[in-house]
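K.L.:
Structure in structure tokens, see below.
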Amino acid sequence: MDLAHLRNVGIFAHIDAGKTTLTERILLATGRERRAGRVDDGTTVMDWMPEERERGITITAAATRVPWGGCELNLIDTPGHVDFSFEVDRALRALDGAVLVLDAVAGVQAQTETVWRQLARAAVPAIVFVNKCDRPGSDALVAAATLATRLGVVPVPIAYPWHDADGALVGVFDLVARRGYTFAPDGAATEHAVPADASDEVDVLRAELIDALASRDEALLNIVGAGREPAPRELLDALRRGTLAREFVPVLVGAAQRGVGVQQVLDAVVSCLPSPLDVPLLRAHVENEMERPDGLHLANRGSLVLGDDGCVSVPPPRMDAPFVAAAFKVQSSRHGDLVFVRVLSGRVTPGMELYNPRVARREHVSEVLRLHADATVALESAAAGDIVALAGLAETGTGDTLVTLAEGALGFAGVLEPLRALEPVVSLFMEPADDAERARLGPALARLMREDPSFAAREDPGSGQWTAHGMGELHLEVTLERLTREFGVTPRVGRPHVALREVLVGAAEGSGVVERAFGGQGGHAEVTVHVRPQAGVPGAVSVAFGAAARVPEAHRSAVAAALAAEAASGPRFGLPFGGVHIEVVAGAGRADAQVEGAWVQAALAALRMALRAAAGPAAPLVEVHEPFADVIVETPEAFSSGVIGDLQARRAVLGEVESALGIRRIRARAPLVELFGYTTALRSLSQGRAVSTVVPIGYGPVPEGGLEARGLFGA
């Protein structure tokens, strides 16, 4: 199809803002479904997992495709709970535009802020739908204004709620066309002239819309400056230009549960959000053919043009370009794992052989599938710009790049920046109930980790106990439910606890000497290493060899691997360790005793000495860090004193406090360990009327006097 008529769009929101309800109503409005599922009834199409329907929340991003206005829309419904933020990040790898849903009473909420930061990092243009305009206390314009005050975004309302004399929601006014619309229970719209009693208000809002657009769009400014009334098409063109440039966000209104305003959202997706032709080409790191062990070569290396960043652009979204796809999600199905991909260029067909540079492996595509939540339809092919699932890929995972492979040559040698999950902040211990379950637990956890990179699990070989790491209590709880439901494994589990880690905060040096026989051959090596903190990816360990490090080239990879493995555990309490750079600054060995084992053992001895020195009482350069979180509480003012006192008792540092319409919005920062069970405590403090959001923000040091309270002794 013509790529100008394709839209790849995600729907994003704070939890309970009505995101999934909007998606269900879109399925009904476009004819994709004959009824709209309800979250409260557990009948939604897009929230298809049993855990989602039971809890009434979105846990995993689900994709579908619908027609509207002469275009095809690939839609992805994303989670709104902070524990599943990684689902949002990886969905953005496939999307060109976004619909951000706000609650008409609450406006921008805590997770809205998090989602907006994710959209901003990905430079994804957005439109906003102010939902629940039929609720008591709703105010669409006030909710839209919070986009400016809390996100720093310019809101441009293009619709306004139509209320009757009693304040009941009747429909919406389209400020661009200056028309009113009412909606039947099935969402069908009926057009009306603007009634006289609303004419002045609509005209004022329309004039403000024109002024806002003209101040940012030269073409429209010329029309207004000439004294001519802009036509609706000219306003839409200006809206599209400004939205694509991310200068503002168009704001629509309605009530998704009743189907009010849903068609206007679809119209705005088509008219304001980008097609695959409107977005810049992605940049990719160039693959080094010399490092590939498979003998493959690049068919068109001579045509590569590197930019100043040393990267190359992905081929344009054309069917005749080399095939390149971004894998952004793995989902287990009854027929094996499915890999969700965004086809960036070229075409993919069943039976095609692809290449995954990360694992240096050829992958065979058995099926190309169109997605509709957990249902699929087989396709003969998928072309540039599309979002589909590929079956048959054995080792491809989230964030991988797939390229074409024909006659021993790669069509494209670029590798997209990998997706990185945030570091887990909550852990729990688990043990299999018996030996039969033990045999199933490892493979089941491996499947879950491949599907969800924000979940991790490791086994202690000595005790046979597993430690599971996740993004929050809910994340781990859902994962345990899936273990039982999908894999028939119900391990014994401990209580969740925060994931502590050890952090190097200064530099240290150590030396090691080894002289002994290895396999009947004498070995001798002397190594000195220097360790220092490394900024960047938490938990990462890098190893380098200085000019004076005379470690033989043949043994350097083994030495580097051993040092990285040793640095995985901290020197004080054996907690996860990382964020360190290890440099082998010196090395020497007798010419007649060049044994790899000697170099490895000497390097490990040097590293252990350096870390012992760093962790010593004389100059403690290794700290224990714990996760911290931003807490945002919205409470009636009558309960705010008790809420603030409780936060301070939890070692929270208070931030800004805002008051509006009898509601106090309190922002604080607290150790995550103090926030276990906070929702229940807050409900008790506020008679169930306050709500909170807890967003992990990173790690900070545990005071030395507080280590014993964390179960750490001998500090």
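K.L.:
Given the structure, is Gly152 open to solvent by 10 Å² or more (accessible area, probe 1.4 Å) and of a type outside the set (Val, Ile, Thr)?
P.N.:
In short, yes.
K.L.:
Out of the range 216-254, which residues are of a type outside the set (Ser, Thr, Tyr), open to solvent by less than 50 Å² (accessible area, probe 1.4 Å) and touching a residue at least 60 places away in the same chain (Cβ under 8 Å)?
P.N.:
Across the range 216-254, the qualifying residues are Leu236, Leu239, Gly242, Phe248, Val249, Pro250, Val251, Leu252, Val253, Gly254.
K.L.:
In the range 42-50, is there at least one residue being free of Cβ contacts under 8 Å to residues at least 24 places away in the same chain, at positive phi and touching a helix residue (DSSP H, G or I) at 6+ places or on another chain (Cβ under 6 Å)?
P.N.:
yes
K.L.:
Can you give me the number of residues within the range 606-622 that are among the small types (Gly, Ala, Ser) and surrounded by fewer than 20 Cβ atoms within 10 Å (Cβ to Cβ)? Reasoning before the result, please.
P.N.:
The initial filter retains those residues of the range 606-622 that are among the small types (Gly, Ala, Ser), namely 606, 610, 613-616, 618-619.
Pick out the ones that are also surrounded by fewer than 20 Cβ atoms within 10 Å (Cβ to Cβ) and you get 613, 616, 618-619.
The total comes to 4.
K.L.:
Go over the candidates Ala591, Ala598 one by one and state the one that is buried (at least 22 other Cβ atoms within 10 Å of the Cβ) and either in contact with a helix residue (DSSP H, G or I) (Cβ under 8 Å, 6 or more places away or on another chain) or at pLDDT below 90 (or both). Can you show your working first?
P.N.:
Values: Ala591 fails: buried (at least 22 other Cβ atoms within 10 Å of the Cβ).
Residue meeting the stated conditions: Ala598.
K.L.:
Tell me which residues, restricted to the range 426-454, are in a loop (DSSP other than H, G, I, E, B) and open to solvent by less than 10 Å² (accessible area, probe 1.4 Å).
P.N.:
Pro432, Ser454
K.L.:
How about the range 196-212: which of its residues are open to solvent by less than 40 Å² (accessible area, probe 1.4 Å) and closer than 24 Å to Asn131 by Cβ?
P.N.:
Step one: of the range 196-212, the residues open to solvent by less than 40 Å² (accessible area, probe 1.4 Å) are 198-199, 202, 205-206, 209-210, 212.
Those that are open to solvent by less than 40 Å² (accessible area, probe 1.4 Å) and closer than 24 Å to Asn131 by Cβ: Ala198, Val202, Leu205, Arg206, Leu209, Ala212.
K.L.:
Which ranges mark the helices (runs of 4 or more DSSP H) fully within the range 569-687 that have 1 or more residues being of a type in the set (S, T, N, Q) and within 30 Å of Leu474 (Cα to Cα)? Let's see the steps before the verdict.
P.N.:
Details: elements: 596-615, 640-649, 678-685.
The qualifying helices (runs of 4 or more DSSP H) are 640-649, 678-685.
K.L.:
Quick one: how many residues across the range 144-164 are without any contact (Cβ under 8 Å) to a residue 60 or more places away in the chain and closer than 22 Å to Thr182 by Cα?
P.N.:
3
K.L.:
Ala145 - would you say it is under 35 Å from the mean Cα position of the chain (by Cα) and open to solvent by 40 Å² or more (accessible area, probe 1.4 Å)?
P.N.:
Numbers: under 35 Å from the mean Cα position of the chain (by Cα): yes; open to solvent by 40 Å² or more (accessible area, probe 1.4 Å): yes.
Judged against the criteria, Ala145 is a match.
K.L.:
When you go through (1) farther than 28 Å from Ser271 by Cβ; (2) in contact with a helix residue (DSSP H, G or I) (Cβ under 7 Å, 6 or more places away or on another chain); (3) touching a residue at least 24 places away in the same chain (Cβ under 8 Å) one by one for Asp16, which number turns out not to apply?
P.N.:
(2)
K.L.:
Look through the range 623-650, keep the residues that are open to solvent by 10 Å² or more (accessible area, probe 1.4 Å) and small (Gly, Ala, Ser), and return whichever of them is nearest to Gly698 (Cα to Cα).
P.N.:
Among residues in the range 623-650 that are open to solvent by 10 Å² or more (accessible area, probe 1.4 Å) and small (Gly, Ala, Ser), the one nearest to Gly698 (Cα to Cα) is Ala649.
K.L.:
Suppose the filter is assigned to a helix (DSSP H, G or I), in contact with a strand residue (DSSP E or B) (Cβ under 9 Å, 6 or more places away or on another chain) and surrounded by 21 or more Cβ atoms within 10 Å (Cβ to Cβ); does Ala560 pass it? Can you show your working first?
P.N.:
Values: assigned to a helix (DSSP H, G or I): yes; in contact with a strand residue (DSSP E or B) (Cβ under 9 Å, 6 or more places away or on another chain): yes; surrounded by 21 or more Cβ atoms within 10 Å (Cβ to Cβ): no.
Taking the combined requirement at face value, the residue does not satisfy it.
K.L.:
While we're on this one: For the range 511-539, name all the residues that are touching a strand residue (DSSP E or B) at 6+ places or on another chain (Cβ under 6 Å), of a type outside the set (S, T, N, Q) and open to solvent by less than 50 Å² (accessible area, probe 1.4 Å). Let's see the steps before the verdict.
P.N.:
Within the range 511-539, the subset touching a strand residue (DSSP E or B) at 6+ places or on another chain (Cβ under 6 Å) is 511-515, 524-534, 539.
When the remaining residues are screened for being of a type outside the set (S, T, N, Q), the result is 512-515, 524-527, 529-533, 539.
Matches in the range 511-539: Gly512, Val514, His524, Ala525, Val527, Val529, Val531, Gly539.
K.L.:
Going through the range 434-478 one residue at a time, which ones are within 17 Å of Ser85 (Cα to Cα), in contact (Cβ under 8 Å) with a residue 24 or more places away in the chain and of a type in the set (A, V, I, L, M)?
P.N.:
Leu448, Ala456, Met471, Leu474, Leu476, Val478
K.L.:
Among the listed residues Val115, Val124, Val128, identify the single one that is open to solvent by less than 10 Å² (accessible area, probe 1.4 Å), touching a residue at least 24 places away in the same chain (Cβ under 8 Å) and more than 24 Å from Pro418 (Cα to Cα).
P.N.:
On the way: Val115 fails: more than 24 Å from Pro418 (Cα to Cα); Val124 fails: more than 24 Å from Pro418 (Cα to Cα).
So the residue among Val115, Val124, Val128 that is open to solvent by less than 10 Å² (accessible area, probe 1.4 Å), touching a residue at least 24 places away in the same chain (Cβ under 8 Å) and more than 24 Å from Pro418 (Cα to Cα) is Val128.
K.L.:
To continue, here is another question. Return the only residue of Ser215, Ser138, Ser199 being of a type outside the set (Phe, Trp, Tyr) and closer than 16 Å to Val101 by Cα.
P.N.:
Ser138 is the lone residue from the list that is of a type outside the set (Phe, Trp, Tyr) and closer than 16 Å to Val101 by Cα.
For (1) out of contact with any Phe, Trp or Tyr (no Cβ under 8 Å at 6 or more places or on another chain); (2) farther than 21 Å from Leu419 by Cβ; (3) open to solvent by 30 Å² or more (accessible area, probe 1.4 Å), each residue gets a yes or a no:
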{"position": "Ser313", "(1), (2), (3)": "yes, no, yes"}
{"position": "Pro322", "(1), (2), (3)": "no, yes, yes"}
{"position": "Leu344", "(1), (2), (3)": "yes, no, no"}
{"position": "Glu353", "(1), (2), (3)": "yes, yes, yes"}
{"position": "Pro357", "(1), (2), (3)": "yes, no, no"}
{"position": "Arg370", "(1), (2), (3)": "yes, yes, yes"}
{"position": "Thr376", "(1), (2), (3)": "yes, yes, yes"}
{"position": "Ala383", "(1), (2), (3)": "yes, yes, no"}
{"position": "Asp386", "(1), (2), (3)": "yes, no, no"}
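K.L.:
What residue, among those in the range 665-702 that are basic (Lys, Arg) and open to solvent by less than 70 Å² (accessible area, probe 1.4 Å), is modelled with the lowest pLDDT?
P.N.:
Going through the qualifying residues, I end up with Arg665.
K.L.:
Residue under question is Val194, and the condition is that it be modelled with pLDDT of 90 or more and under 26 Å from Ala207 (Cα atoms); does it hold?
P.N.:
Values: modelled with pLDDT of 90 or more: yes; under 26 Å from Ala207 (Cα atoms): yes.
Here the answer is yes, as Val194 does meet what is asked.
K.L.:
So is Val673 of a type in the set (Val, Ile, Thr) and touching a His at 6+ places or on another chain (Cβ under 9 Å) or not? Spell out the reasoning first.
P.N.:
Values: of a type in the set (Val, Ile, Thr): yes; touching a His at 6+ places or on another chain (Cβ under 9 Å): yes.
Considered against the rule, which asks whether it is of a type in the set (Val, Ile, Thr) and touching a His at 6+ places or on another chain (Cβ under 9 Å), Val673 comes out as yes.
The values are calculated or read from the model by the stated rules, or taken from the named source; none is laboratory data. All values reported here derive from a predicted model rather than from experimental measurement. Note that we place each Cβ from the backbone using ideal geometry, even for glycine, and neighbour counts take in every protein chain shown. The accessibility values were calculated without ligands, DNA or RNA, using every heavy atom of the protein model including side chains. Shrake-Rupley method; radii C 1.70, N 1.55, O 1.52, S 1.80 Å.
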